[in-house]
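The values are calculated or read from the model by the stated rules, or taken from the named source; none is laboratory data. Here the structure is a predicted model, which is why all the values come from computation and not from measurement. In this analysis, Cβ positions are derived from the backbone assuming ideal geometry, glycine residues included, and neighbour counts consider all displayed protein chains. Areas reflect the complete protein model, heavy atoms only, side chains present, ligands, DNA and RNA absent. Shrake-Rupley method; radii C 1.70, N 1.55, O 1.52, S 1.80 Å.
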Amino acid sequence: PSSVTLNGFQMQGAMFSSPTLVQVGGSPHAALSWVGALLPNELVVLLHIHSLMPTEPLVAVDVQVDKPACMSVKLEGPAVKISGSSARITQVRPGDDPAVLAARLSFAAPLPKTGNLSLVVAVKYDGIQAGRINAEIPLPLALFFRPVQSNTQQFGGMWQKLPCNHKLRIAPTAVSDPEHFVAILQRANFAKVEIIKSEIISVSRVARPGDCPLLCHARLGGGAVDVTVKSTDESWAQVFPFA
């Protein structure tokens, strides 16, 4: 959809990675869940804080968000006091909709060569029953890719111009035919351009300001998949979310 509203949040051009809230942390009195919204140049993680109290609200709810070092984060929320990567929610009442805090993530530095990306969230609350929730939300790199529709001629023109490339052999592999590998690419937010016998070409881009295309050429054979990715950025050319 071109416009999505979820619990009072409206985001233009959002497409949700899942319509289902994923619970990542909880206590006897509160729970934390999240859903991701994939925007053209950023990922928005909508954090939902739920009260599990029978009658009394959670009060003075403090949320601390620690983002990956290569990223910037901007917090937003209705009736929320924001200070950098921290937020204060006055109260969360039982039976009401959860409090919602949006963490807008975008890349501010090159992608690290090793290690997985994640968002670490700490929620502390007071009330009749005080407590805290600590949770780590994994951020698979596919959440930061956006499929790009292209044809074979356009792919060839871009392929010649991109300066950074990286090669990888995936072996052994359970991939049985080109369509099988196309399904894997599509789950990683790559758009198929063409299948040419045992070869597959596909295109994606990094969700960040500025142009950062990702062109993938894959060849199946001998129980392996030989992959080449080209990009304008060396750190992203070395990324294989489907390996």
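Identify, from the list S72, S85, S106, the residue that is free of Cβ contacts under 8 Å to residues at least 24 places away in the same chain, out of contact with any Pro (no Cβ under 6 Å at 6 or more places or on another chain) and among the hydroxyl-bearing types (S, T, Y).
Details: S72 fails: free of Cβ contacts under 8 Å to residues at least 24 places away in the same chain; S106 fails: free of Cβ contacts under 8 Å to residues at least 24 places away in the same chain.
It is S85.
N189 is checked against (1) over 24 Å from A109 (Cα atoms); (2) open to solvent by 30 Å² or more (accessible area, probe 1.4 Å); (3) among the polar types (S, T, N, Q) and fails just one. What number does that condition carry?
Of the numbered conditions (1) over 24 Å from A109 (Cα atoms); (2) open to solvent by 30 Å² or more (accessible area, probe 1.4 Å); (3) among the polar types (S, T, N, Q), the odd one out for N189 is (1).
Could we say that R146 is farther than 30 Å from H29 by Cβ and either among the basic types (K, R) or surrounded by fewer than 19 Cβ atoms within 10 Å (Cβ to Cβ) (or both) here? Walk me through how you get there before you give the answer.
Working: farther than 30 Å from H29 by Cβ: yes; either among the basic types (K, R) or surrounded by fewer than 19 Cβ atoms within 10 Å (Cβ to Cβ) (or both): yes.
Here the answer is yes, as R146 does meet what is asked.
Consider Q153 carefully, then state whether it is surrounded by fewer than 20 Cβ atoms within 10 Å (Cβ to Cβ), within 30 Å of A108 (Cβ to Cβ) and polar (S, T, N, Q).
Working: surrounded by fewer than 20 Cβ atoms within 10 Å (Cβ to Cβ): yes; within 30 Å of A108 (Cβ to Cβ): no; polar (S, T, N, Q): yes.
When the stated conditions are applied, Q153 does not pass them.
Considering S235, S204, S231, which residue is touching a strand residue (DSSP E or B) at 6+ places or on another chain (Cβ under 7 Å), polar (S, T, N, Q) and farther than 13 Å from P147 by Cα? So that I can check it myself, show each step before the final result.
Numbers: S235 fails: touching a strand residue (DSSP E or B) at 6+ places or on another chain (Cβ under 7 Å); S204 fails: farther than 13 Å from P147 by Cα.
Of the residues listed, the single one that is touching a strand residue (DSSP E or B) at 6+ places or on another chain (Cβ under 7 Å), polar (S, T, N, Q) and farther than 13 Å from P147 by Cα is S231.
List pairs: first residue in the stretch 209-234 and free of Cβ contacts under 8 Å to residues at least 12 places away in the same chain, second residue of a type outside the set (A, V, I, L, M, F, W, C) and buried (at least 19 other Cβ atoms within 10 Å of the Cβ) anywhere in the structure, Cβ distance under 6 angstrom, at least six positions apart or on different chains.
Sorted first by the residue in the stretch 209-234, then by its partner, the list stays empty.
Every residue in the stretch 83-124 that is within 30 Å of L185 (Cβ to Cβ) and open to solvent by less than 40 Å² (accessible area, probe 1.4 Å), please.
Once the filter is applied, which keeps residues that are within 30 Å of L185 (Cβ to Cβ) and open to solvent by less than 40 Å² (accessible area, probe 1.4 Å), the stretch 83-124 yields A102, A103, L105, S106, F107, L111, L117, S118, L119.
If we scan the stretch 47-64, do we find a residue that is touching a helix residue (DSSP H, G or I) at 6+ places or on another chain (Cβ under 6 Å) and within 30 Å of L141 (Cβ to Cβ)?
Applying the first criterion (touching a helix residue (DSSP H, G or I) at 6+ places or on another chain (Cβ under 6 Å)) to the stretch 47-64 yields none.
Checked the stretch 47-64: no residue is touching a helix residue (DSSP H, G or I) at 6+ places or on another chain (Cβ under 6 Å) and within 30 Å of L141 (Cβ to Cβ).
Just wondering, is there one or more residues in the stretch 159-168 that are more than 24 Å from M71 (Cα to Cα), open to solvent by 30 Å² or more (accessible area, probe 1.4 Å), of a type in the set (A, V, I, L, M, F, W, C) and touching a strand residue (DSSP E or B) at 6+ places or on another chain (Cβ under 6 Å)?
Yes: the stretch 159-168 contains one or more residues that are more than 24 Å from M71 (Cα to Cα), open to solvent by 30 Å² or more (accessible area, probe 1.4 Å), of a type in the set (A, V, I, L, M, F, W, C) and touching a strand residue (DSSP E or B) at 6+ places or on another chain (Cβ under 6 Å).
Right, G127: touching a residue at least 60 places away in the same chain (Cβ under 8 Å), open to solvent by less than 30 Å² (accessible area, probe 1.4 Å), farther than 21 Å from A207 by Cβ and over 25 Å from the mean Cα position of the chain (by Cα) or not? Please lay out each step first, then the result.
Working: touching a residue at least 60 places away in the same chain (Cβ under 8 Å): yes; open to solvent by less than 30 Å² (accessible area, probe 1.4 Å): no; farther than 21 Å from A207 by Cβ: yes; over 25 Å from the mean Cα position of the chain (by Cα): yes.
For G127, the condition - touching a residue at least 60 places away in the same chain (Cβ under 8 Å), open to solvent by less than 30 Å² (accessible area, probe 1.4 Å), farther than 21 Å from A207 by Cβ and over 25 Å from the mean Cα position of the chain (by Cα) - is not met.
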